[in-house]
1. How far apart, in nm, are two points set 7 Å out from the Cα along the Cα-to-Cβ line at Leu26 and at Ser199?
2. 222 nm [θ] for the chain, helices only, -39500 (n - 2.57) per DSSP H run of 4+, per residue, to 500?
3. Relative contact order, percent, of the chain when contacts are C-alpha pairs under 8 Å separated by at least 6 residues?
4. Within the chain, what whole-number % of the accessible surface is contributed by carbon and sulfur, with the 1.4 Å probe and all protein chains included in the calculation?
5. Using the heavy atoms of the protein chains and a 1.4 angstrom probe, tell me the accessible area per residue for the chain in square angstrom.
6. Which lysines, if any, have their Cα less than 22 Å from the Cα of Lys209, not counting same-chain residues under 8 positions apart?
7. For the range 261-312, what mean projected area does the convex hull of the alpha carbons give, in nm²?
8. Counting only protein chains, not ligands or nucleic acids, how are Ile9, Ile136 ordered by accessible area (probe 1.4 Å), most first?
Amino acid sequence: MHLHSSGPIFVSAYILGAGVASLHALLTKTDPRSALSWIAVCSLIPYGGVVLYALFGINRVRRPQLVWGATTTPGASEPTYPAHLAAQVRIGDALTRRPLESGNVLETLYDGEQAFPRMLEAIAGARESVWLSTYIFQTDAVGRQFVDALAAAVRRQLKVRVLVDGIGEWYDWPHVVPILRRAGVRAERFLPPRLLPPSLSLNCRNHRKILVVDGAVAYIGGMNLGGREVGGSTGRRISDIHFRLRGPIVAQLGEALIILSAVTSAERQVQIMTPYFIPPLELVAALEAAALRGVDVCLVLPRRSNLRYIDWATLHWIPALVRRGVRVYLQEPPFSHAKLFVIDGRYAHVGSVNVDTRSLRLNFEIAVEVYDEDFCGELSAFIAQCTATVTPLTAQSVEAVKLPARVRNALCWLVSPYL
């Protein structure tokens, strides 16, 4: 009787897989910390490390090369803006490859109670086209109102297109895409998971929330579509903000994130409100440097989000920021899903972008830069109102965290680049 061990085969496959994945990480990662971490994962976790790298580690986003230079339309008048924002305007023009547009009108809509009726009204009044992109589209009573409005637009012979994220669709059941299609609406899933051929991309999600009607009016922000935005079917209320836009900006909603340059140009105040805070080191350094040079840096986060491991990772970042003079506020429920970024009350960055790795590097997001003192002042006042009843964290309070909680927070922080 002759017996043959399969051990060498499994070991060889493990070494080969780990070697290929490690080489890929070494050659493609731009951050040495990320490359080293993935090499360690692939090498130290037999088979599982390679699977994790294939799911979470490969950046499938390919962005076009930026062309530096002005893109002024012949005959177009130059928009006016404060002189001290000239550098920020140049950076925005270069990174987005879009010129600054004047003549826009923006309106802030707080929570679904304000936003959803206006959005439904816009769809009902559409004459030519309705384009809708969202991450989550619930099929509860609120979501069904949007399904009915879109179906009615189709019956009026309008061009209606809906794009729902293939992972976000799984947040609710039944799924909305089949319902929309049965109603005659042309609806598609963005990178849906598939069994045959196998396909699962947990990164590179379509996190944009955009409604564009007739190419003339747009709604963007942080709101998904469904009852949870108005305290509906889920029973858990989420606070959020959307924006209504009219004007040239509707035709050229921005593609690039330029928060870092805005922080470095701040003179008086930086206000950030975000549901998740897993910042890149460069942004942390910029916030700390701004606080140390006397800029009032205010960071508003939820005390408890819908992702506890994100909260714990965030808590590991906070002590260093507080020690450098950053005012950090933890809001009590309801969970605020708003994403606001305001500089000196004169510049704002609004849209679907969270301050975390997934939004900044992996997901497809939408954002708009606003240069208007009245509008930005309104957002600044709103953030100030949210912090009026909350006590900022102190060095003493963050240092008083018990060792087990600190270890838990540090472990979540350790894997935060992959969250």
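1. The two pseudo-label positions are separated by 3.2 nm.
2. Values: 13 runs with 153 residues, N = 419.
Mean residue ellipticity, 222 nm, calculated: -11500 deg cm²/dmol.
3. On the way: 764 pairs, mean separation 60.3, N = 419.
It rounds to 14 percent for the chain.
4. Details: 12440 of 20590 Å².
It is 60 percent, rounded to a whole number.
5. Working: 20590 Å² over 419 residues.
Result: 49 Å² per residue.
6. Straight-distance partners of Lys209: Lys159, Lys339.
7. Details: hull surface 15.0 nm².
Average projection, Cα convex hull of the range 261-312: 3.7 nm².
8. On the way: Ile9 120, Ile136 5 Å².
Reading off the accessible areas and sorting them downward yields Ile9, Ile136.
The values are calculated or read from the model by the stated rules, or taken from the named source; none is laboratory data. Predicted model, so just to flag it, every value in this text is computed and none were measured. Cβ sites come from the backbone with ideal geometry, for glycine too, and all protein chains shown count toward neighbours. When the accessible area is computed, the model is the full protein with side chains, heavy atoms only, and any ligands, DNA or RNA have been set aside. Shrake-Rupley method; radii C 1.70, N 1.55, O 1.52, S 1.80 Å.
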